[in-house]
């Protein structure tokens, strides 16, 4: 685990194993390490463990999610002859480059970029997050795929259903009655904006007023980290409600909000992912303020008038976002439209249909 404090206890792990076993899913876990000598040794151990499982359980397909796991799947497929299925395939090497985490001449970037290309060459099926990833594959890897499947991040509509949530106690607890409430579920830094988010929140506080505007941050960042950002942006302490809750509790807190934000750094590679938070916001009938060129979602939001796409990261643009959201608030037709969009673009039936085509 990258965060040791979030590691499951042995009891929790056994409970999850038993839960998935009922669906004939066998969970195996390995500890996480950053790229380096230790990770290479662990990779060899993971590889041989999985290679043994392939044959002892007579597995016919290797189905991987995202490119790092796809790298392991690639080598397993090469050595075993088993079919490789790439799922939720999106760029990983270039985002690390764009964020400044890796350098273009570095080993990490070049190794993963090479492995991304080799995965695509080897795969029997490639499931991307957006249809336009096919163009990225052709442009970056010089591979023209005959068949691709686009499967965005889907949402559990039974869990994320605003009509099945009683949030009155939370409204009273946080004094949110008659307030305009925004929400963000995620982290800051790396692929996500940090200081810019709090600059936006300052504009929102000024627009709606410090007595009326509240913003919920659902994040595992420390209170000190969040407080420093609040102070630097000169935001009122009462405006921000910082919490860390389990995924099952997230719908309750989203139900308190009038809008959500998705503050990805607007770099080219973000066009090819699929933020799960947007699916969850939409399922909860929330308009979204989002940066430009994020997945297909920025266009969907703009074309359906169910939020606001920030054209640039400026005070003037943040204020335009607040004005637009204010115009959408409390309109029944907007909520209906958002729910309709969620059902069309984030329904698990999309994934089910793709898997049926592959494994039929």
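Figures for the structure shown
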{"item": "Gain on full stretching of the segment that runs from residue 79 to residue 17 - 0.36 nm per residue minus C-alpha separation", "result": "19.5 nm"}
{"item": "Sorted peptide list for 39-50, 289-300, 189-200, 225-236, criterion being average Cβ within 10 angstrom, highest first", "result": "289-300, 189-200, 225-236, 39-50"}
{"item": "Mean Cα-pair separation over length for region 33-150, i.e. relative contact order, pairs under 8 Å, 6 or more apart, %", "result": "21 percent"}
{"item": "Antiparallel %, DSSP beta bridges [both residues in the chain], to 5", "result": "5 percent"}
{"item": "Ratio Rg/Rh, restricted to region 162-345 and using Cα atoms, in which Rh is the Kirkwood radius", "result": "0.92"}
{"item": "Inter-probe distance in nm under a simple model that places probes 7 Å from Cα toward Cβ, at residue 121 and residue 29", "result": "3.6 nm"}
{"item": "Point-to-point label distance, residue 305-residue 65, nm (Cα→Cβ direction, 7 Å offset)", "result": "3.7 nm"}
{"item": "Gain on full stretching of the segment that runs from residue 39 to residue 331 - 0.36 nm per residue minus C-alpha separation", "result": "100.0 nm"}
{"item": "Order of 114, 282 - criterion: other Cβ atoms within 10 Å of each residue's Cβ, fewest first", "result": "114, 282"}
{"item": "Cα-based convex hull volume of the chain per residue, rounded to whole Å³", "result": "163 Å³"}
{"item": "Residue 242-residue 360 FRET efficiency (beta carbon distance; Förster radius 56 Å; 0.05 resolution)", "result": "0.75"}
{"item": "Computed label-point distance, nm, for sites residue 315 and residue 10 using a 7 Å Cα→Cβ extension", "result": "5.8 nm"}
{"item": "Listed peptides 246-252, 24-30, 332-338 by packing density, highest first (mean Cβ within 10 Å)", "result": "332-338, 246-252, 24-30"}
{"item": "Dimensions (Å) - region 10-114, Cα atoms, principal axes, largest first", "result": "45, 35, 26"}
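Since every read-out is calculated from the coordinates, none of them should be taken as a lab result. Nothing here was measured: the structure is a model prediction, and the numbers come from that model. Using ideal geometry, Cβ is built from the backbone for each residue, glycine included, and neighbour counts are taken over all protein chains shown.
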